[in-house]
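First up is the structure itself, then whatever we jot down about it.
Nothing in this text is a laboratory measurement; each read-out follows from the coordinates by a stated rule. Given the structure is predicted, the values throughout are model-derived calculations rather than measurements. All Cβ positions, even for glycine, are placed from backbone atoms using ideal geometry, and neighbour counts span all protein chains on display.
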Amino acid sequence: MELKARAVAALRDSRGLPPELVFVTRNMNIVRANNQSLGIPVNRVQILGQYAALGLRRMLIDEATLPARQYSRAHGVVPQRSSLLSQVVGVVAAEWSYVTFRIALWIADAGMAALNAWGRIRALVSGRPFTRSAEVVLDEAMRQALEKRLGYTIDTSLLTA
């Protein structure tokens, strides 16, 4: 119960969050609401995942190829030599991580596309309009999980354009 109370308090007070995270979250909500009001299907999870994977890949490659730095009391921060083999292994590990993450994103994207296709087929057969895209299902699942786990209710009128 104490964890739940702390989580609700943290969600109410956004001053503890990094300002960059608040900015990115607000921008994602603005873009999502605009796309939703215009009826433009944009997979924001896929886009965010692609750029997160690219950033992680660049960071891992930089860590593998740039010389490591070690602190010495006598000389301050000095570059430490690393072998070519360790650099190659680091780059291969970074590329492998990137490829496996992209495969996971592709599988998630295929699942969202299949869910959208199934909803459209079901709407066509039943004669009712298609209203529950994968984005809507994802938003509802996240909202319900937040309510169930933390007891924090989100006012959905704030998230619509």
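Details
- Within-12-Å neighbourhood charge of Gly119 [Cβ basis; K, R +1; D, E -1]: +3
- FRET efficiency for Thr25 and Ala117, using Cβ-Cβ distance with R0 set to 30 Å, rounded to 0.05: 0.55
- Extension gain for the segment Ala33 to Thr153, taken as residue separation times 0.36 nm less the Cα-Cα distance, is 41.3 nm to one decimal.
- Derived scalar couplings ³J(HN,Hα) [segment 83-94; Karplus, 6.51 cos²θ - 1.76 cosθ + 1.60; whole Hz; x for Gly, Pro]: 7, 4, 4, 5, 5, 5, 5, x, 5, 5, 5, 5
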